[in-house]
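Have a look at the structure below before the remarks.
The values are calculated or read from the model by the stated rules, or taken from the named source; none is laboratory data. A quick note: this is a predicted structure, and the numbers were derived from the prediction, not measured. Here the Cβ positions follow ideal geometry from the backbone for every residue, glycine too, while neighbour counts run over all protein chains shown.
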Amino acid sequence: MTDAKHGTNDRQAGRALRLGISAVAVVLFLWFIIGNAQKVQIHFWVTSAQASLIAVILISAAFGAILALLLSRGRKRSKR
């Protein structure tokens, strides 16, 4: 019976740790957003536009993640 109680304490400690790490990540993310709120000029081939730096960073990161996901799926399929 002590093993079951010990397992519950481990799960609660794991949840507390994840919550703490998540809270720190959110604070750092908000700090990052506030620090990069200025507008930047983006030059395309034909035109240019203005956007907030954080939007440019987040959109670039999203495109990079999607590209990495698509490339990793292609490698998994070719190994089969």
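Tabulated data
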{"read-out": "Residue in segment 28-47 that is outside any helix (DSSP H, G or I), among the basic types (Lys, Arg) and either exposed (fewer than 10 other Cβ atoms within 10 Å of the Cβ) or at pLDDT 90 or above (or both) present", "value": "yes"}
{"read-out": "Matching entry among Ala25, Ala49, Ala13 (being small (Gly, Ala, Ser) and touching a His at 6+ places or on another chain (Cβ under 9 Å))", "value": "Ala49"}
{"read-out": "Some residue of segment 54-73 being modelled with pLDDT of 85 or more and touching a Gly at 6+ places or on another chain (Cβ under 9 Å)", "value": "yes"}
